Amino acid sequence: VGRQVAMMRLADLVAAFPRTSLNIELKVGDPRLLAGVLHILRDVPPQQVVLAAEHDAIMAQIEAAQAPFGLSMARGQLHRAVRQAFFGRPPCAFAGRAMQIPPRHRGLPLAGRRLLERMHAGGLEVHLWVIDDPKRAQRYLSRGVDGIMSDDPGALLEVVHAYRS
């Protein structure tokens, strides 16, 4: 707050960083927004993009568009998948490739080995948000999380580079 940070337009971001992976969350269920995002991403390799939406209705619109990009689970899908994992079952059927969760929810750990094993066994990636501390990031990467979202990605560069090598 009060930092006067300018935001890049998505089209400018894609042009400036053509090889960067993108995680794009749509927060409004306007079909024109989805159409505009898909138009901007038309030349981006599908493996570089994950489309996300917290709300099930918005995710249903994204799924209906049949975009070639990876999808993240919406809230209802997440609840079903986590419940399945805690009962020792494989995750429910899902058209996407990732679940994006906080490490803890209402005091309960979500990103434990059991959940990671179940999601990976079901072919899904697990991405955590929001991790800004390098030690925490390293701990979760060593557990097997597939991605970390951060408000301070620069603080995690060394950890991520070390983990990848």
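Things worth noting here:
- Percent RCO, i.e. relative contact order, over the chain, from Cα pairs under 8 Å lying at least 6 residues apart: 13
- Chain lengthening between Cys92 and Asn23 when straightened (0.36 nm per residue, less Cα-Cα): 22.6 nm
- Share of carbon and sulfur in the accessible area of the chain stands at 54%, probe radius 1.4 Å.
- The 3J(HN,Hα) values that the Karplus relation (6.51, -1.76, 1.60; θ = phi - 60°) gives for region 127-134 are, in residue order, 10, 9, 9, 9, 10, 10, 8, x Hz. Gly and Pro appear as x.
- 5 angstrom amide H check on Val49, placed H, neighbours 5+ away: Leu22, Gly70
- Across region 26-37, coupling constants 3J(HN,Hα) worked out from phi with the 6.51/-1.76/1.60 Karplus curve, θ = phi - 60°, read 8, 10, 10, x, 8, x, 5, 5, 4, 4, x, 4 Hz, and Gly and Pro carry x.
- With viscosity 0.692 mPa s and temperature 37 °C, the Kirkwood radius over alpha carbon pairs of the chain converts through Stokes-Einstein to a diffusion coefficient of 193 µm²/s.
- Derived scalar couplings ³J(HN,Hα) [region 42-50; Karplus, 6.51 cos²θ - 1.76 cosθ + 1.60; whole Hz; x for Gly, Pro]: 4, 9, 8, x, x, 5, 8, 10, 10
- DSSP beta bridges in the chain [antiparallel fraction, %, rounded to 5]: 15
- Spatial separation of Cα centroids for region 98-134 and region 25-78, in angstrom: 20
- Projected-area mean, region 92-165, by convex hull of Cα positions, square nanometres: 5.3
- Amide H partners (placed H, <5 Å) of Ile148, local residues excluded: Leu128
- 5 angstrom amide H check on Gln100, placed H, neighbours 5+ away: Met73, His127
- On a per residue basis, the convex hull of the C-alpha atoms belonging to region 17-59 measures out at 69 Å³.
The values are calculated or read from the model by the stated rules, or taken from the named source; none is laboratory data. In this text, all values refer to a predicted model and were calculated from it rather than measured experimentally. Areas reflect the complete protein model, heavy atoms only, side chains present, ligands, DNA and RNA absent. Shrake-Rupley method; radii C 1.70, N 1.55, O 1.52, S 1.80 Å.
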